[in-house]
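The values are calculated or read from the model by the stated rules, or taken from the named source; none is laboratory data. These figures come from a predicted structure and were not determined experimentally. Positions of Cβ are backbone-derived with ideal geometry, glycine not excepted, and every protein chain shown enters the neighbour counts. For the accessible areas, the whole protein counts, side chains as well, though only heavy atoms, and no ligand, DNA or RNA atoms are used. Shrake-Rupley method; radii C 1.70, N 1.55, O 1.52, S 1.80 Å.
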Amino acid sequence: MAESTNAAYKDRPSIKVYYDANVVQPEKLKPLLLGIEEEGIPFDLAGVSESDVYEIGFKACNDSRLGVGIGVSEKKLILHFEKLKKKRPIFEIGTFEKENYRILGSNAARLVKKMPFKDFV
């Protein structure tokens with residue numbers, strides 16, 4: 001689960017996972033990424049120089065050909081969809097809710113597959 005830097009991956013259909021590179025350690029996102037991977041949907045992970053989680057998530061979903069993105073800041077993780085307003089993500093959890101990271105990742109993939117969401121713990 002390496003961060004993708006290859007230009008060939010930039011335009012592939014995938015869930016974009018963007019995080020605030022100034023404060024978030026990407027290895028802490030492994031459960032989130034495993035949740036996506038378990039549902040069989042590709043993802044791309046990238047650090048950005050932004051601290052507003054809504055801005056990060058909104059950019060992620062708009063950069064995704066699937067229209068689904070996850071934004072991660074120091075205090076929150078959000079799941080966003082391109083047809084929603086910037087401040088109205090589908091899900092929002094605190095970074096302290098580590099038991100829900102995998103579920104958020106799974107729900108991002110389920111949004112792409114048009115399947116029912118899993119319940120958070």
Please report, in debye to the nearest 20, how large the charge dipole of the chain is about its Cα centre when each Lys and Arg carries +1 at its beta carbon and each Asp and Glu carries -1 there. 460
Using a simple spin-label model with points 7 Å from Cα along the Cα→Cβ vector, what separation in nm is obtained for Glu92 and Arg65? 3.1
Of Lys83/Lys113; Lys28/Lys76; Lys75/Lys118; Lys59/Lys113, which ones are farther than 18 Å apart at the Cα? Lys75/Lys118; Lys59/Lys113
For segment 49-113, what is the per residue volume of the convex hull drawn over the alpha-carbon atoms, in cubic angstrom? 70
Could you tell me what percent of the accessible area of segment 42-121 is made up of carbon and sulfur, with a 1.4 Å probe and every protein chain present? 52
Please compute the per residue accessible area over segment 52-121 with all protein chains in place, 1.4 Å probe, rounded to a whole number of Å². 53
